[in-house]
Every structure is written in C-alpha cells, then in structure tokens.
Amino acid sequence: MNDNKIQIIKDDEIDLRALFQVLWNDRKRILQITAVVTFIWVIYALLTTPLYKSTITMYPSGQESGGQLSQLQGMASTFGFDVGGGDPSFHIPDIVESRRIKTELIYHKWNSSEFENSINLIQYWEIDDTTGISLNPINWIKALFASDEGSDYRTLKWEADALEVLNDRISVKEGKSGLISVEILMEEPEIAADMANTMYPAIVDFTVETHSKQASLNREFIEQRQIEVKEQLTESEDELKVFRERNRSIMESPQLQLEIERLMREVEIKTQVYITLQQQYELARIEEVKETPSVIILDEGKPAAKKEKPKRVLLVIISAIIGQLVSCIYILIRREFH
C-alpha cells in the first residue's frame, strides 16, 4: 500500500495502527538513520578520554569554644566589651568550590604516567605551549587564533582555562547528616586519588590560617583594652587616694561617705574588668597558637579500578533510542511534504 494513501489522523485522532504501518513500511530507512546516529556516538565514546573518579568523605570537626572562655566572654560582655566570638564557622563546600583551593590544585606538582617529571595541571592538560606540539586538536585550533600578548596575560589565560576544566571535574555534596563528599574526575586514577587526598590539608590550612588571623585580632583587641582599662584603674585609684588624703574625717559627713563609696565602687569595677581582660588575654594567646582541624576524614581517596566516564554501553543505548526517534520524525515530516 502507498504510504501517502494511509491516513494517520482520522477524526482529529491519531490512528496508531496507521502510524505503525507507515513506519514499518519505511523500516529500512529507520534502521539506516539509527545506525548512522549510533555509529557517530560510538566514535565519540571511543575518542573521548576516559575519566576516573576518586572520592573523599569528611565531617566538620564541630569544635566549639571552651566553656571557660565562653564564660569569660560573657563576663566581659556584661561590662560592655566585645571580645569576639569563638571559632569562625566554616562552610566546607564553599571552601572546596573556592578559587583559592582550585588554584592550589592547578599549580600543585602531580606525578603522571604520561610525563617523565611531575607537572601541574596546566601542563598536564596541555593548555600552555611549554610541552611542545599539543596533541589536543582543540588546543591546536586555539593556538592558530591566539594573539601575541605578554607573558602575564598568557599565564592568567592558562589559569582561567585550567579553572574552567577543573570546575567540571570537582563536585561536592553535603548530606543531611553533615557528611561532605568531594568527588574528583581525572584522566588517571592515581592523580584523581592524589587530588582528592590533597583536599584535606588544603582545607585544614585555609581554616587554621583564618582562625589564626581572627584569634590574633581578638588578642590584639583584648591587649589594647587591657592597656586602656589599666590606665583608667590607675586614675581611679589615684583619685581615691587623693580624696582620702584630703578628707580624713569622712565619718562625720554623709556626703563624704557617699563620695568615697562611689570612688571605691569605681575602683572595684575597673579591677574586675582588668582581671577579666587579663584572663581573656591569656586564653586568647592560647587560642592564637591552637591549630584545630576543621574537618575529620572519614574515607580517603582511592584510585578507581573502573572508569567513570564515558559510560559507553549507556551511550550506545541512548544513541540508538535517539536515532530511532530522529528517523521516525524525519519520515513523518518527509511524508507530509511529499
């Protein structure tokens, strides 16, 4: 039967039997188009560089300020002094996704089976031109249209290109329990594992450095306040001393008794404030040199035995399905215009 005589739509409804008959009559064309689409995807899967995944899991350490320090901070607050909070809170996924951490990974020296000496990621991905003629056709095309800029510009451009690649290779997930998973995809399983394990000291170094800076600022603030309060205490003590020397018969005057009580109260308050700041200062010095890891490793990164990408079997199945859909749509459109 001629396909053009078969009515697919009858009474504003699609006749599935007629539709199947039209597609069945043109099954050879469907198979041909599906085979071409599948072949293209198979070539893509074979030419795509396989990537291996390594995962590291960690928990935030959950360290809080000590009870004594918190109590002393509360005491200082009652006197109107802000001596800072406890440890700064860190959101580990933000640190992992930061440009700082990724830049450290880019310029870190990695051992690769493809190169004799350890190299950074810019050299590994052949983004620069220091490794000779690039085997990557995309980089070769870019080189043709690259402008002759200064070395600083080229360095920044290479770094930006490496960051763009690395952004697609690193993923971080945070579970409801607080478990943080960092996944690294690389061309070599050993490098993927090394990069995953490098994440831990990079995070710890960043948080310890930040904590140390804040602790130093806290210590300097307390030290300055301590000097100011000591001067005020000395002035109050001198004022009380002068008052007593000038008024030796205060028992006969209620006004003088009230005044000396006020002066003594000021000396007592400033003394308590000075003692509190002195305790705070000693604890701040301890806090300044303390290096508490912000995360606790649960699972270290291990080299993967199987590649993560591309999933070639899945690609073939998906390409076959897409090929069939494309061929069916092509046949129906072609039928409408003939």
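Worth a mention:
- Spatially close lysines, pair count over segment 187-308: Cα under 25 Å, gap of eight or more or interchain: 4
- Here's the picture: a label point sits 7 Å out from the Cα of residue 165 along the beta-carbon direction, and within segment 301-327 the residues with their amide nitrogen under 18 Å of it are 308-310.
- Long-range HN-HN contacts of residue 188 with modeled amide H, under 5 Å: 52
- Segment 223-338, accessible surface, carbon-and-sulfur percent (1.4 angstrom probe): 56 percent
- Residues with amide H under 5 Å from that of residue 302, placed H, sequence gap 5 or more: 55
- Surrounding net charge for residue 58, when Lys and Arg each add one and Asp and Glu each subtract one, Cβ distance under 11 Å: -3
- Summed over the residues of segment 252-338 and divided among them, the accessible surface reaches 69 Å² per residue at a probe radius of 1.4 Å.
- Computed over protein heavy atoms with a 1.4 Å probe, the accessible surface of segment 167-212 works out to 41 Å² per residue.
- The P(r) of segment 253-338 has a tail past 22 Å containing 74 percent of all C-alpha pairs.
- Relative compactness, segment 195-338, computed as alpha-carbon Rg over 2.2 N^0.38 Å: 2.60
- Here the Karplus curve 6.51 cos²θ - 1.76 cosθ + 1.60, taken at θ = phi - 60°, turns the phi angles of segment 226-231 into couplings of 5, 5, 5, 5, 5, 5 Hz, with x standing for Gly and Pro.
The values are calculated or read from the model by the stated rules, or taken from the named source; none is laboratory data. Since the model is a prediction, treat every value here as computed from it, not as a measurement. Please note: Cβ atoms are built from the backbone with ideal geometry, for glycine as well, and neighbour counts cover all protein chains shown. Side chains included, ligands, DNA and RNA excluded: accessible areas come from the protein's heavy atoms. Shrake-Rupley method; radii C 1.70, N 1.55, O 1.52, S 1.80 Å.
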